[in-house]
Amino acid sequence: MAHQVATKGCPPGWSPAVGTPYDAWPKPGTKECVQYSGCKWAGMFNSIDGGGSEPGSCRNGAQWLDGGMGDMACRIPESLVRSWSMAATYDRDRALLGRRLEVMVEGAPERSVVVEVMDVCSDDDCDGCCRDNTGDGRWRLIDLEKWPASQLLGFSPAGEKFDININKYPYDLKLSDRYSLTPLAGGDCEHRMWVYDTDKPFKSGSTTEPRTEMRIRNDYTSGVHSISFQLYVPSGTTGASVMQVFGGTGDYTTSLQLRVYDGKLLRYNSQILEENVHDRWIQINVAHDVKAHSIKIVVAGKPPLVVADRGTPAAGHYFKLGVYGQDGSSSRMEARYRSIQVL
């Protein structure tokens, strides 16, 4: 998840692709390590011969290292991986393998990074995630290793608990049990997320409500940051948060939540932004001015609502899309998103 798919056409000389991030050296115990086989293949790449299966057989910069789960092998150390600024592509479409590419965020030409495509993404390691991320072969895949991804998207991968897979869904399920990605005309795609009120929380031991959420990698502590998207909420969904500006101070963990109650879109559970939201696509624009402590919300082209945020914590803010159960939630909650643009 956390896809970036070109939707409005690329500048001359550029080609559209879907971008995803991965971690060549994930922290032990993270989703990238366990569910996506990241520790098994840590520091090992399709186009690089790191050596044999014995300590003295390592070559091409590889060293005899533990991938994070006690499995010793010849692996390229993270310091060398970082210096390469590397990416992967789909193993069933290797046209980009071995190429040097410049990757740009659509609509933000000042945000780009140069990568070497040195690895492949295999469906066998992640229950078909590579196929899903290409829209079943509709798009080319640029799977950015965390270091160039952090340059492009502006997040820090240095924390002790950093996990590149930051999407939240019931911990006893696979992502595909509560999420789907569907290609649309013009290179757009539809993200569909759903959850049941009987589902488990996103991690064992958590007391929070069930959720299926997509975290946007746009971490920030200053400036003006915006997101625009189209939202579709099927009839029957109520008592669910469908968008968040995460991060607040004091007792607050968010500065904004957009919620659906009884067919209405609200700011938290009081201010009504739009009526009769079920079963239709609605355009939503949100802009957060950190210095002014203000958030501007525009729904369906109506006059903007400007509200105060709830402070900026040291860890900063980021955007989230998806369904998160609230008081009085329906037994099944679902939201769909398309034409997502983050600036």
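Here is how the numbers come out for the structure above:
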read-out	value
Candidates D124, D119, D91 - the one that is free of Cβ contacts under 8 Å to residues at least 40 places away in the same chain and more than 19 Å from C189 (Cβ to Cβ)	D124
Test: L273 is within 27 Å of G137 (Cα to Cα) and of a type outside the set (G, A, S)	no
Single match in D172, D177, D199 (criterion: closer than 28 Å to C130 by Cβ, surrounded by fewer than 21 Cβ atoms within 10 Å (Cβ to Cβ), of a type outside the set (F, W, Y) and touching a residue at least 24 places away in the same chain (Cβ under 8 Å))	D172
Residue within the stretch 297-316 that is charged (D, E, K, R) and closer than 19 Å to P234 by Cα present	no
All strands (runs of 3 or more DSSP E) inside the stretch 1-98 with 1 or more residues being in contact with a helix residue (DSSP H, G or I) (Cβ under 8 Å, 6 or more places away or on another chain), hydroxyl-bearing (S, T, Y) and crowded, with 16+ Cβ neighbours inside 10 Å	18-22, 86-90
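A short reminder: the numbers here are calculations on the coordinates, not readings from a lab. As the structure is a computational prediction, the values presented were derived from the model and not from experiment. In this analysis, Cβ positions are derived from the backbone assuming ideal geometry, glycine residues included, and neighbour counts consider all displayed protein chains.
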